[in-house]
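Read the structure below first, then the notes.
The values are calculated or read from the model by the stated rules, or taken from the named source; none is laboratory data. Not measured: the values here are computed from a predicted model. Neighbour counts run over all protein chains shown; Cβ positions are idealised from the backbone, glycine included.
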Amino acid sequence: MAVTERSATAQQGVPVVPPPAQVPSAGPTPAPGQPGDPIRVLIADDHALFRRGLEMVLQGEAGLELVGQASDGQEAVELAGEVVPDVVLMDIRMPKMTGIEAARAMKEVAPSIKIVILTISDEDEDLFEAIRAGAIGYLLKDIPLDELADSVRAVHDGQSLINPAMAGKLITEFATLARRDSDEEPSKHAPALKLTDREMEVLRLVARGLNNRDIAKELFISENTVKNHVRNILEKLQTHSRMEAVMIAVREKLIEIS
């Protein structure tokens, strides 16, 4: 599909970076999911100039591999089914299918894909719908370039990334929805499995928006121990993301969010 390129304005959030050094071809694409493999990234954005900027950023980072680019939501879903990336960086406003619609479809095709919405929209409703659709991150396009690669790595490791200015709104909205859901249809929810005291401590800190490193410092334990606790929490609550775990915990009255 032909894509109209636009000038690199602050409003569009186009990354402006110097051309990276030539990176030798890595050869055939390795099978995803093997230890030591690079993190496979798919970009979906209808602005060709923005995609090019992301491409240059990712190509200059060790351990990251760009496996595909899409200019609309439908193409992104089809490409995701073909290459099965580890992480998808995707805009919301795209032709044929929005990023939110594409996120839902991708989760049907490949549930293991970790989706990060990368957009100029700071609308509350876009944030809420993106998370409901399965996105594990929501970042604005004004994110510093030197943080983008680290964000991809963090998401790949299972962390949820939300733009700091919007994180509080998200937790408040989820708490409201969870309470309303619990009040209206309590019979539809299976009782949550009992979490240990330490898992409860970790879950409360997750609800405050702390990442694994910060939780480890707060509780004076190793980061690997935090990862193990988070994995156990997700298994017991039968969910796939930290944010969904917080929603379930609020609904089941395991934790309270003011």
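A few notes on this one:
- Answer residue from the range 148-169, given it is charged (D, E, K, R) and modelled with pLDDT of 85 or more and is farthest from SER112 (Cα to Cα) among those: ASP150
- The range 90-130, subset out of contact with any helix residue (DSSP H, G or I) (no Cβ under 6 Å at 6 or more places or on another chain) and under 15 Å from GLY158 (Cα atoms), residue surrounded by the most Cβ atoms within 10 Å (Cβ to Cβ): SER112
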